[in-house]
Amino acid sequence: MSAAREPYVGRRVKRTEDPRLIRGLAHYVDDLRFADLLHVSIVRSMYAHARIVSLDLAAARSAAGVVDVVTVEDLDRARIGDVPCAASMAGMKTPAHRPLARGKVRFVGEPVAAIVATSAYAARDAVDLVSFEFDPLDAAVDLEKALAPGSPLVHEELGTNKAFEWSVASGDLDAVFKSAAKVLTQRIVHQRLIPCPMEPRGCVAQYLPGERQLTLWTSTQIPHLVRTALAAVLGLAENRVRVVAPEVGGGFGAKLNFYAEEILLSVLAMRLGPRPVKWIATRREDFAATIHGRGQLGMIEGAADAEGRLLGIRYRSIQDLGAYPQLLAPAIPTLTGLMLPGCYKVGAMRMDLTGVYTNKMSTDAYRGAGRPEATYQIERLIDLVADELKLDPVEVRRRNFPAASEFPFKTASGLTYDSGDYRRAMDKALALAGYEKLRAEQQSARLEGRLLGVGVSSYVEICALGPSAALAAGGWESATVRIEPSGKVTVLTGASPHGQGQETSFAQLAADFLGTDLDDVIVKHGDTAEVQYGIGTFGSRATAVGGTALWHALGRVVEKAKRLAAHLLGAASAEAVGFEGGVFVANGKTLTLAELATAAHHAKSLPEGFEPGLQATYAFEPKNFTFPFGTHVCVVEVDRNTGDVRIVRYVAVDDCGRVLNPLLVDGQVHGGIVQALGQALFEEAVYDEGGQLVTGTFMDYALPRAHDCPRFETDRTETPTDVNPLGVKGVGEAGTIGATPAIVNAVVDALEPFGVRHVDMPLRPEKIWRLIQAGGKA
């Protein structure tokens with residue numbers, strides 16, 4: 001590391017990728033330009049549940065500009081496989097999921113046929129020429145009714161809408177509940193949410209018959225996993241499939257998936273090659289046919305002693321899977337069970353989970369993915385305990401935290417938390433917020449008739465996914481470091497950043513390790529033909545796992561360079577060579593990294609057995625997950641005349657281990673809080689009784705806007721992990737996990753004068769207004 005300058009790591013370095021993004025110079029899928037490009041429009045079901053009686057495509061086939069039309073029969077003849085689910089549970093009933101519907105449609109938006117034309121307009125016009133005859137069926141929409149006898153069956157061949165059952169348990173729960181001073185019970189709903197990345201899904205595919213090479217450009221978080229899945233579904237050799245993730249305009253888990261459209265575009269490209277084909281989702285399509293998040297309801301029960309200490313937790317939960325199990329869908333709610341104890345010492349726990357098929361779009365990972373549900377359950381329960389025992393909710397949390405000296409901490413769900421100091425993070429958040437002063441202000445406000453509420457949420461999350469044994473497709477990550485002949489540095493990462501900022505933070509790591517300037521490092525990702533195999537970006541893993549792989553690869557490069565330096569400088573061994581600030585030193589002589597790189601590539605004088613060039617690859621397999629944590633404090637004021645909720649202050653203290661770039665961390669926390677605010681106050685995917693998506697556009701699906709957000713006051717503690725040598729834990733989902741219960745706790749606290757003890761999200765003004773008008777009994 002150079003002594004001539006301050007290290008890059010730890011500094012608020014602006015994102016190196018931002019200039020191209022804000023100047024409009026970046027290339028998203030829709031920006032890609034090809035000669036002879038064809039356009040695809042997809043015929044989708046307008047019914048939630050119906051038999052396909054007939055499908056007349058003759059008029060569409062003969063329409064001006066139409067080049068090809070495909071149905072499921074074409075896919076069957078070509079022996080195209082199903083859309084896969086990689087996370088099937090033991091004993092799970094799994095239906096066939098064809099890329100195009102066969103015989104029956106099961107949700108509004110399900111693809112039925114694909115039309116290819118010379119322009120996007122011609123393709124879309126041809127969709128309107130398709131003549132359908134459907135036999136509508138009753139739809140299974142309500143989760144609890146879908147499990148009842150006589151409910152419409154989404155998949156008749158399964159004989160039930162129950163997909164699977166799963167549980168996690170420890171301790172003598174019956175004894176704990178019998179001995180408890182207080183038992184609290186609350187039904188809690190985690191409403192369906194629609195991920196709304198700025199860029200909808202889209203892809204371009206091209207097949208070169210001569211080379212027998214298929215290339216798919218797609219907006220994805222997992223390009224290598226998409227390549228593996230796509231090759232299997234198409235029956236192609238994987239080395240004849242290339243997947244490229246160009247710029248990705250937001251993912252949030254919605255693009256941590258493998259979709260029917262990626263299969264369809266590839267099939268069409270192989271039928272029409274070498275002409276490329278392109279599909280870009282409209283916003284309405286994206287709402288209806290991109291995975292939804294959350295969709296869980298359940299009954300939480302907590303047993304506490306007279307001092308407010310949690311003795312046991314029981315949670316019975318139902319997860320809405322939608323019509324089909326998407327890539328990781330069944331595994332997502334199991335994370336709720338694993339993280340159900342939260343930050344607390346709990347003697348016994350049990351979660352019973354039932355996965356249910358409904359006539360709606362599938363659910364799957366959405367920012368937080370099962371952990372927001374767990375944190376919301378336990379943080380609402382803690383506040384219910386405090387309310388029941390007339391204790392300060394902060395004190396109840398403090399009494400249930402494990403001490404910092406108890407880490408590594410074994411939880412009731414069987415996980416081992418790596419490191420933590422929950423009291424320190426909470427105390428810092430309370431001090432920043434001026435908690436005691438806020439409570440005094442609250443009492444004064446109530447005397448004036450104002451409804452001021454203070455909410456606290458302490459969270460811990462499971463990150464750095466994770467050990468391969470726990471994941472469907474591996475949990476390791478890869479990195480390659482290549483020193484070019486000129487001494488410039490190229491980093492190839494198997495992670496696939498799309499807003500997290502690893503092009504910057506990885507360059508900071510490499511520049512410090514090698515003693516180069518930041519501008520001398522470029523970070524490449526997302527192209528399976530250029531980058532070694534990797535797992536991708538999700539679960540707050542890219543830096544904790546991918547960054548650690550980079551750290552090891554950097555070490556290997558330096559060790560190789562030391563061997564060459566020892567040879568050229570006349571040192572006895574590589575161990576006799578010093579390295580600092582990009583300079584190798586031995587016997588009073590020096591060589592720069594650039595000079596060594598040139599020598600390594602020219603290969604005029606190399607030690608015996610030394611491979612020309614200067615690069616190294618490393619795949620890092622973590623030994624455990626990491627567990628970031630923190631405390632958020634939210635202050636709200638509720639308008640008693642309208643029910644409107646205004647966030648007055650928001651304080652967040654997060655601990656994501658060692659911080660490489662505070663600016664990136666703040667950005668991730670800010671974004672996460674805003675998405676949590678959306679779930680708490682506004683967002684809900686609503687289907688009517690017939691399975692129609694009522695909130696199918698931004699006219700009906702409300703997102704938070706700038707004026708809904710206060711100035712976020714963020715700070716942090718740093719408790720490094722020993723899971724990786726960097727000490728980093730991950731922060732991409734922290735804001736979303738910690739903020740939702742803080743906001744809801746604050747609103748319930750504001751409504752305490754009316755006897756309100758719980759309100760299900762979203763806390764829309766009309767809901768709050770009705771509670772106020774009914775004195776909390778609505």
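The values are calculated or read from the model by the stated rules, or taken from the named source; none is laboratory data. Computed from a prediction, not measured in an experiment: that's the story for all the values here. Cβ atoms come from the backbone with ideal geometry, glycine included; neighbour counts cover every protein chain shown. With ligands, DNA and RNA removed, areas are computed over all heavy atoms of the protein, side chains included. Shrake-Rupley method; radii C 1.70, N 1.55, O 1.52, S 1.80 Å.
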If the chain between GLU156 and ARG284 were fully stretched, how many nm would it gain, using 0.36 nm times the residue separation less the Cα-Cα distance?
43.2 nm
Looking at (i) 86, 71, 48; (ii) 109, 62, 43; (iii) 131, 112, 56, which value of Cα extents along the principal axes in Å comes from a calculation on the structure shown?
(i)
Can you tell me the FRET efficiency between GLU575 and ILE522 if r is taken as the Cβ-Cβ distance and R0 is 41 Å, rounded to the nearest 0.05?
0.85
What does the charge count around PRO741 come to, taking other residues whose C-beta lies under 10 Å from its C-beta (Lys +1, Arg +1, Asp -1, Glu -1)?
-1
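Size of the dipole of the stretch 612-683 about the Cα centre, Lys and Arg at +1 and Asp and Glu at -1 on the beta carbon, nothing else charged, in debye to 20? Before the final figure, lay out the partial values.
Values: 5 positive and 8 negative charges, 31 e Å.
Around 160 debye, computed over the stretch 612-683.
When you count, for each residue, the other Cβ atoms within 10 Å and take the mean per peptide, how do 327-334, 360-367, 134-141 rank with the highest first?
On the way: 327-334: 24.6, 360-367: 27.2, 134-141: 18.5.
Put in order of decreasing packing, that is 360-367, 327-334, 134-141.
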Cα shape, the stretch 519-581, gyration tensor, a/c 1.5 rule:
prolate
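Can you check what the net charge comes to around PRO467, using other residues whose Cβ is under 13 Å from the Cβ of PRO467 (Lys, Arg +1; Asp, Glu -1)? Don't jump to the answer; show the numbers that get you there.
Numbers: positive: ARG541, LYS623; negative: ASP418, GLU477, GLU621.
Around PRO467, the charge tally is -1.
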Extension gain, ARG33 back to ALA603 (0.36 nm per residue minus Cα-Cα distance, nm):
201.1 nm
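Could you calculate the FRET efficiency of ALA175 with GLU406 from 1/(1 + (r/R0)^6), where r is the beta carbon distance between them and R0 is 25 Å, rounded to 0.05?
On the way: r = 23 Å, r/R0 = 0.94.
Calculated value: 0.60.
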Residue-ordered couplings for the stretch 467-478, obtained by feeding phi - 60° into the Karplus form 6.51 cos²θ - 1.76 cosθ + 1.60 and rounding to whole Hz (Gly and Pro as x), are x, 4, 4, 9, 10, 5, 10, x, x, 7, 8, 10
Kindly report the accessible area of the chain per residue (heavy atoms of protein chains, probe 1.4 Å, no ligands, DNA or RNA), in Å².
37 Å²
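Please state the shape class of the stretch 629-690: rounded when a/c is under 1.5, otherwise prolate if a/b exceeds b/c and oblate if not, all from the C-alpha gyration tensor.
On the way: a/c = 3.34, a/b = 1.59, b/c = 2.10.
Oblate is the answer for the stretch 629-690, as a/c is 1.5 or above yet b/c matches or exceeds a/b.
Determine the shape class of the stretch 663-761: with a ≥ b ≥ c the square roots of the Cα gyration tensor eigenvalues, call it rounded for a/c under 1.5, and otherwise prolate if a/b is greater than b/c, oblate otherwise.
On the way: a/c = 2.18, a/b = 1.57, b/c = 1.39.
It is prolate, given that a/c is not under 1.5 and a/b is the larger ratio.
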Peptides ranked, highest mean first, by Cβ atoms within 10 Å: ranges 118-129, 177-188
118-129, 177-188
Report, in debye and to the nearest 20, how large the dipole of the chain comes out about its Cα centre when Lys and Arg carry +1 and Asp and Glu carry -1 on their Cβ.
400 debye
Determine one quarter of the surface area of the Cα convex hull of the stretch 492-634, which equals its mean projected area, and express it in nm² to one decimal.
11.5 nm²
Place a +1 charge on the Cβ of each Lys and Arg in the stretch 27-70 and a -1 charge on the Cβ of each Asp and Glu, then give the dipole magnitude about the Cα centre in debye, rounded to the nearest 20.
240 debye
What net charge is computed for the residues neighbouring PHE584, neighbours being all others with C-beta under 13 Å from the C-beta of PHE584, Lys and Arg scored +1, Asp and Glu -1?
0
With unit charges on the beta carbons (Lys and Arg positive, Asp and Glu negative) and the dipole taken about the Cα centre of the chain, which residue among PHE107, ALA139, LEU438 sits farthest to the positive side?
LEU438
Calc'd 3J(HN,Hα), the stretch 197-205, phi into Karplus 6.51 cos²θ - 1.76 cosθ + 1.60 (θ = phi - 60°), Hz, glycine/Pro = x, comes to x, 4, 9, x, 5, x, 7, 10, 10
Checking rank on 429-438, 738-747, 560-569, with mean other Cβ inside 10 Å and highest first, the result is 738-747, 560-569, 429-438
Span from the the stretch 713-778 Cα centroid across to the the stretch 1-65 one, whole angstrom
33 Å
Distance between the C-alpha centers of the stretch 608-647 and the stretch 309-350? Whole Å please.
20 Å
Which residues qualify? For ASP68, with a placed amide H closer than 5 Å and at least 5 residues away or on another chain, they are VAL116
Based on the Cβ-Cβ distance from SER54 to LYS623, what FRET efficiency comes out when R0 is 51 Å, to the nearest 0.05?
0.35
